[in-house]
1. Where residues in region 82-118 are among the β-branched types (V, I, T) and open to solvent by 20 Å² or more (accessible area, probe 1.4 Å), which of them is farthest from the chain's Cα centre (by Cα)?
2. Does region 9-28 contain any residue that is part of a helix (DSSP H, G or I), under 15 Å from the mean Cα position of the chain (by Cα) and modelled with pLDDT under 90?
3. Which residues, taken from region 54-66, are touching an Asp or Glu at 6+ places or on another chain (Cβ under 8 Å) and without any contact (Cβ under 8 Å) to a residue 40 or more places away in the chain?
4. Out of all the residues in region 55-68, is one or more among the aromatic types (F, W, Y), surrounded by 13 or more Cβ atoms within 10 Å (Cβ to Cβ) and within 17 Å of P107 (Cα to Cα)?
5. State all residues of region 31-53 that are of a type outside the set (D, E, K, R), open to solvent by 50 Å² or more (accessible area, probe 1.4 Å) and free of Cβ contacts under 8 Å to residues at least 40 places away in the same chain; if no residue qualifies, say none.
6. Within region 150-170, count every residue that is more than 30 Å from V115 (Cα to Cα) and open to solvent by less than 100 Å² (accessible area, probe 1.4 Å).
7. Determine which member of the set T94, T100, T105 is among the polar types (S, T, N, Q), at pLDDT below 90 and farther than 18 Å from L116 by Cβ.
8. Within region 67-114, track down each residue that is among the hydrophobic types (A, V, I, L, M, F, W, C) and outside any helix (DSSP H, G or I).
Amino acid sequence: PLASRPRATRTRELTVTTDERPKPGAAHLQALLQGSDDAIALLDGEGDVISWSPAAEALFGHSAAAAIGRPVDALVVAPERVRALRRYLREAMTGETVETCESHTSPDDGSAMSVLLRLLPVREVGGAIGTALIARDVTRSRGGEEGDPQSRLWHNRIEHALAEDRFVLAAQPVIDLATD
């Protein structure tokens, strides 16, 4: 038989009021950036990198030291996609969440890869102050988990539109032009 283990006892209950609850801060953000499997970059209002996760280093091949302070569009998409990414960054600064599938070159072997990008506005009371960019390599499906990048993209867009009641029914009558 197993020996009985000592049990922890509580000498007094700890109650935390809302005012005493720790507020999220730099340590929380740092833990999120360090622990995420997705590449995460935090951007200022101009689209320059202010934080770059280890997963971003692995995916895009730029160290945090090399990425911080640089425009994100020079780091995460193929040159022909820079204009589109800048448009998506502007959309995120207006408060919209943007999802897109972009092309990029793998830092390991120079091969093309598809990267699912999600741009989320970072807000304060006065509005958006920056953008969080979250990226995932979706070049190869991992056991069907990711699926086709374009299918996933449209699935997410439709899901968001349904949740936000953004569908509008449009109808156009079919009329015989000869007889009206």
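1. It comes out as T105.
2. Taking every residue of region 9-28 in turn, none turns out to be part of a helix (DSSP H, G or I), under 15 Å from the mean Cα position of the chain (by Cα) and modelled with pLDDT under 90.
3. Listed by number, the residues that qualify are A55, S63, A64.
4. Scanning region 55-68, I find at least one residue that is among the aromatic types (F, W, Y), surrounded by 13 or more Cβ atoms within 10 Å (Cβ to Cβ) and within 17 Å of P107 (Cα to Cα), so the answer is yes.
5. Once the filter is applied, which keeps residues that are of a type outside the set (D, E, K, R), open to solvent by 50 Å² or more (accessible area, probe 1.4 Å) and free of Cβ contacts under 8 Å to residues at least 40 places away in the same chain, region 31-53 yields A31, L32, Q34, G35.
6. 1
7. On inspection, the qualifying residue turns out to be T94.
8. I68, V72, V77, A78, V98, C101, A112, M113 - these are the residues of region 67-114 that are among the hydrophobic types (A, V, I, L, M, F, W, C) and outside any helix (DSSP H, G or I).
The values are calculated or read from the model by the stated rules, or taken from the named source; none is laboratory data. Worth saying up front: this structure is predicted, and the values here are computed from it rather than measured. Here Cβ is always computed from backbone atoms with ideal geometry, including for glycine, and neighbour counts include all displayed protein chains. Keep in mind that these areas ignore ligands, DNA and RNA; they rest on the heavy atoms of the full protein, side chains included. Shrake-Rupley method; radii C 1.70, N 1.55, O 1.52, S 1.80 Å.
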